Structures are given as structure tokens and as C-alpha cells.
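Here's the structure, in C-alpha cells; my notes come after.
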Amino acid sequence: PERGCLRAWAAHSRVLVGRWTTARCGGEARQVRRQQRDEFGELLLRIRGLPAALPALPLELTVLYNSLLFTVGASDSAIKREAEGIRQGLLRVLEACGASGQDLGTEELWQKVLQEVTVEELQAPLHRLGALQAAWWLAAGRLGSVAGLFQLLSTAEELGRSHCSKGQNKLLSLIKAWQVPPEGASLPLVQSAKDLKEILCTTAAFLQGLQELEAGNFPTAISLLQEAAGGFCSKKILAQIYTCLGCCAQQMGKPQTALQHLKRALQVDFQCLPALSHAAAVYHGLGETDVELQALTLLYEALGKNPPAAASSSPYFLMRTELLVHTPVLTALLRHHHPSEVKYLLAQRCLQDGRVADAVEHYLDFLSLLQEGLQQQVPLDGSSAVPRIPEVFLEAASALEQAGRHQDTITMCEEVISRTTDLIPRVLRVEERLEQLECSSPGAELAGGLLSQKKESLCCLAWRAAGYLHQGWAWAKLGESKEAVTQFSRCLSDLLRLQLHGSCVKPTENLPAEVEVLQKIRLLSLIGRGTQFLELGRYKEALLDFQHSLQISPGDPAAASYLVQALWKLNRKQEAAAQWQKLSQSSPGEDGQQRGQGRPLPLYLVSCLEQAMFPHSELLARSIQDYLRTAAQDTS
């Protein structure tokens, strides 16, 4: 009776495999996978209802192999859990041979089975099952376990062939040297061991390439990724490999090579949108703004038309490389931008490049998306290209200001001011000790919380003060000097909340980033208010503001130039001439160096810095030169 059951089960197995082959060729693979998984599972349970016996084991192990493949294929998602079915199969083999291995781990169990079970009929199914085990271990990142398993599966002759010389990869050599067992016609497979071996080679090369890329070993990473690109995989995976090659070349400082790889990725799979995103970043690094903006525009349009989820993978293979490679570094490299993120990048790049009209359009589009619930579309946790929302409002205000839309600038800034008012304490103390709290061991968690809270308050203060600063310049452009003075004064009054202690009070010390921004806002506001005092004829007040500016930033060229003008207006010509001579004698690169010192300014402050620059006045320079000539003649 048992022999009859075995013949019937073998026949049923052949029918199931034949049904899968027909469905796969007819394009119905996706619908059939779950049904086949369930039927193979039931067949395996019936076989295991009998005591483990050597004659039945080739069939049982083959059915287990097919069943596990359908389990993987039906889920169509990355492999994450251990294949418990493989362990049960190995225990059944030992049971049939009169041995036991319940207390062994999976690696030790494989070692015991492959070293002690010498029955010829079991070698081929065990080898196929071993290849399947290797797939599960690759998915778990257990590359050492995979190498150890293939050493056990290989004969001495195969191990000799796998001996790798310097520069060759040990794991790939072991997999390639493994001799695929022949497939018997009486027990067909839903996916051949030969195909599985090719997938294992591609996966091993891809995974190791990603590891080397993450470790910064770029030449080795490129070699392994190129090996993977020449392997057995779908177009989707091939495009991902080319994208990784592009990122690797970019980090090696080879932008043209990076672009070649990224273009190849898009040629292979036009839905590999991360490749387009990385290409835009490469063009940005090259300073090719036109092409970068074209790439970002294409990316924005593609994200709206073809969601990344629509990208298809091959339905013809149950075990595929995409089910085995799901590492954090790959996830980071292939992160899909949301359309809102790309819209922001377009706005930001246009503003940085001086394309003001386009920047305004993109910022307003982005802010309308914000009203539609951007928080649900974009992770605002630092992983996104989008900065904090108040900064976006201020950047939009800067774009509007440069476009001459001063009333809109004032309205935009008022939104920032009103939303941050209740978030700023009346007094904000910043000490050197606070910056060191992160490193202190006792109460580190509490210290970290205090530091985070204080930095958040500093950010809110910077946004609110910047809002007043932009409003001041907008009123100045509208010719309303009195209102401009009011807004600049509000900015300076806000900044009085900041109290610096310890080394933070010394301008020569390295300030915390948030404090440095606040100091720059103070400088720009003093210069702005001073210019409006000049317009109103209030020269003494202007002089005081410019003197305070130079206390904050000694040698600042704009503040020094305006100081000369204020002194001249006050008829303190000798002092003005002395300051002008001192300014004229500074080296040509000194002004630029003074403006560019410290950390880069936030984008929303760049336009204010440009407005604060002293407009070169031929009339003032000529008047001072005439005064100096006259003074020299009088002296002689």
C-alpha cells in the first residue's frame, strides 16, 4: 500500500508541476501560485503522515522543495523568516537513517546530514534543498553560513576548483564551483536548481557589493556590482544594480561614469525613478542647473503618472533576486521621493540659481500641497529633502521679495511670526556647558532632552526674527522707511531674549549653529535699520546701528562702508576718510572671505545678505578723495 501511495503522490506532484508550467506560459502565473502552494502543502502533509523511510525520501524532499518555492512565490514579498520546513525535512532524513538531531541548530544539522547520510538517491534532493537553504540565509544576510554550507555541498574536486586567487571573491567562487545535481524526469521541479544557482550567484554578488559600498570600499563594490549586473536577474533588479553603480561612481568623484550607469538603469527599467533622482543630484554637483531642473521636472511628472508600486517583476520564477535583497543601504539608495519633495527641490534649486519667477511658482505649488495634507505624504523627520515648514515659508517669502511681490512677502512672513510667537520663552540662555551636556554620563537622557528643547526654541526664535527681517526689507522696498524701521526694531527686540554666557559671548569662538544664525540675523537687521535711518535723515541713530554691527562682526565690509557714509553725513569727514582709507587698504579677497566665513547661511537669509551689501557709490568715493587731496594740500 505504501508503494501505491508513493506512485500516486509522485503522479500528483507531476500534475501540479505541469499545471504550473502551463499557467506560467499562459500568463496566469499570479493566480495559480497560491492554489499550487496549498496543494503542494497538503501533499507534503500526506507524505509526512507515514513514518520516515528511505524509499519515500526523494519524493518527500522534492515535494518540500517545490512547496517552499510556491510559498515564496505566493507571498511575492521579501523573505524574512527561517524556513522551518527545511529543518523538518532534515530531521526526517536523520530519522530514516536511525539518527537524531533535534537538539542541533540548523547549521549543525546540515553538517550532520551531509557528513553522515551517504545514500546515493538522497544526494540530489539534499543538494537542491541546500541551495534553497542558501537562499534563505542570503536573505537574512548570513553570508558566512552560506559559504560554510557550500563547502559541505562541494566535493574535494569542486573545492579545488573554487580555490580563489587574490582578488577573487570566496563566496562567489564556492557557489560557482558547486555542481548542480541532475533533474530526474520522474520528479520534476517547478524551478530548476540551475536557475536557482544563477540567482544565488547574482544575489551574493549584489549583497556583498552593497556591503562594500556601505563600508566605503568603492573599487571592490564596483567589481561585485558589475558581477551582479552580468548575472541572472529581472530588469527591475538590473536597474537597481546600475543605480547602485551610479551612486558608487558618484561617491568616487566620477560624475560622468555615474551618469552613464544611471542612464543605463533608466534604459533597462524606465520606472526606476531613484536613478532619475540620483542623476539630478549628479547634475547639481556638476553645476549643470538646466539639466538638473529637467531631470527633476521629469521625476515630478513620472511620480504623478507612474507610482513606484506599479513596477512589475517577472512572474515566471518563484525564487527571485528581489525577494532576497532587502538591506537598509539598498532601501536608502532606492528611496522614492514623494511628488511634494520633488516640487520643493525644484523651488529650492530655482531660488538658488536666481530663477525667481519659477521659484515663486514652485513654492506656491508646494504650499498648496501642504494645505492638502503634506505631512501624510512626506516624512518630516530629517530623512526628507524638505526642511522644517517655517523655513519653507521663509524661503517662499525670499522668492516673493526678489520677484518684487513685497506685500505677499509681508503676508507670508506674518504667517511664520504668528505661528512661532507662543513657542519662544521670554529669556533664552545659551551656555558653553549646555553644548557639552550630550557627552555627560550622569543624567544623559535628561540633558539630551534639555538640549533638544533649547535648540528647538533657538530655531523658533530664528524663524520669527527672520520673518521680521524680511518684512523690514519688504517695507524698505515699498519706500516705507518708518514701517521698515519698526520691523527691524521688532527683530532686534526679539533677539534680546537671547542671553549668551561662557565662550558663546566671544565672537572668535565657534558658536552653535543656531546661535550663529541668530547673530547673522542681528547683524543684517542692524544694517537694515541703519540704512533706513539714513533714508530718514536720522544719521546719529544710523551711526550707532553700524557701530553695533561692527561689534557683532568686526570688519564686515557692508557695515564698515555704511559707517563711512553715516560719518560723512554727520560731517565727521576726517573720521569718515580714515575709515574709508582703512577699508580701501583691505586685500581684494578679504571682503568675500568676511562674508563667507562660518557655516553656510540658511537659504532664506541669502537675499537679506545681498540686500545688506553696500551699493558702490562713486559720488561718496569722489567726495572723500577730494577731501583727502585738499587736506594734503593744506598740510603741505
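The values are calculated or read from the model by the stated rules, or taken from the named source; none is laboratory data. Quick caveat: nothing in here was measured; it's all calculated off a predicted structure. All Cβ positions, even for glycine, are placed from backbone atoms using ideal geometry, and neighbour counts span all protein chains on display. For the accessible areas, the whole protein counts, side chains as well, though only heavy atoms, and no ligand, DNA or RNA atoms are used. Shrake-Rupley method; radii C 1.70, N 1.55, O 1.52, S 1.80 Å.
Just to be sure I understand the filter: pairs with C-beta atoms under 6 Å, separated by 6 or more residues or on different chains, first member in the range 561-580 and among the charged types (D, E, K, R), second member buried (at least 16 other Cβ atoms within 10 Å of the Cβ). Which pairs pass?
Taking only residues 6 or more apart or on different chains, the pairs are 569/539; 573/627; 575/567.
Only residues that are without any contact (Cβ under 8 Å) to a residue 12 or more places away in the chain, surrounded by fewer than 17 Cβ atoms within 10 Å (Cβ to Cβ) and in a loop (DSSP other than H, G, I, E, B): list them for the range 95-111, please.
98, 100, 102, 103, 105
Restricting attention to the range 175-196, report how many residues are touching a Pro at 6+ places or on another chain (Cβ under 9 Å) and without any contact (Cβ under 8 Å) to a residue 60 or more places away in the chain.
Looking only at that region, the number is 1.
Step by step: first the residues of the range 298-313, then only those that are surrounded by fewer than 14 Cβ atoms within 10 Å (Cβ to Cβ) and polar (S, T, N, Q), then the one that is modelled with the lowest pLDDT. Which residue is that? Break it down into steps so the answer makes sense when it comes.
The initial filter retains those residues of the range 298-313 that are surrounded by fewer than 14 Cβ atoms within 10 Å (Cβ to Cβ), namely 301, 304-307, 309-310, 312.
Among the residues that remain, those that are also polar (S, T, N, Q) are: 306, 312.
Values: 306: 56, 312: 47.
Ranking the qualifying residues of the range 298-313, first place goes to 312.
If I filter the range 543-565 down to residues being among the aliphatic types (A, V, I, L, M) and farther than 16 Å from residue 582 by Cα, which single residue comes out as surrounded by the most Cβ atoms within 10 Å (Cβ to Cβ)? Spell out the reasoning first.
Kept after step one, since they are among the aliphatic types (A, V, I, L, M), are these residues of the range 543-565: 543-544, 550, 552, 558-560, 563-564.
So of that shortlist, the ones also farther than 16 Å from residue 582 by Cα come out as 543-544, 552.
Details: 543: 22, 544: 16, 552: 16.
Applying the filter and picking the extreme gives 543.
Among the residues of the range 112-143 satisfying the criterion of being small (Gly, Ala, Ser) and open to solvent by less than 60 Å² (accessible area, probe 1.4 Å), which is farthest from the chain's Cα centre (by Cα)?
124
Looking only at residues in the range 527-585 that are out of contact with any Asp or Glu (no Cβ under 8 Å at 6 or more places or on another chain) and β-branched (Val, Ile, Thr), which one is farthest from residue 621 (Cα to Cα)? Walk me through how you get there before you give the answer.
Initial filter on the range 527-585 (out of contact with any Asp or Glu (no Cβ under 8 Å at 6 or more places or on another chain)): 528, 531-532, 534-548, 551-554, 556, 558-566, 568-585.
Remaining after also requiring β-branched (Val, Ile, Thr): 531, 552, 564.
On the way: 531: 18, 552: 26, 564: 10 Å.
Looking at the filtered set, the residue picked out is 552.
Could you say which residue among 388, 433, 405 is open to solvent by 40 Å² or more (accessible area, probe 1.4 Å) and modelled with pLDDT of 95 or more?
405
Does the range 319-350 hold any residues that are buried (at least 22 other Cβ atoms within 10 Å of the Cβ), touching an Asp or Glu at 6+ places or on another chain (Cβ under 6 Å) and either hydrophobic (A, V, I, L, M, F, W, C) or outside any helix (DSSP H, G or I) (or both), and which are they?
The one that is buried (at least 22 other Cβ atoms within 10 Å of the Cβ), touching an Asp or Glu at 6+ places or on another chain (Cβ under 6 Å) and either hydrophobic (A, V, I, L, M, F, W, C) or outside any helix (DSSP H, G or I) (or both): 350.
So the check is Cβ under 6 Å with 6+ separation or different chains; which pairs have a first residue in the range 129-153 that's under 15 Å from residue 113 (Cα atoms) and a second one that's open to solvent by less than 20 Å² (accessible area, probe 1.4 Å) and not in a helix (DSSP H, G or I)?
Taking only residues 6 or more apart or on different chains, the pairs are 150/178; 153/178.
Among the candidates 156, 221, 177, single out the residue that is farther than 20 Å from residue 317 by Cα and modelled with pLDDT of 95 or more.
221
Can we say residue 186 is open to solvent by 10 Å² or more (accessible area, probe 1.4 Å), hydroxyl-bearing (Ser, Thr, Tyr) and part of a helix (DSSP H, G or I)?
no
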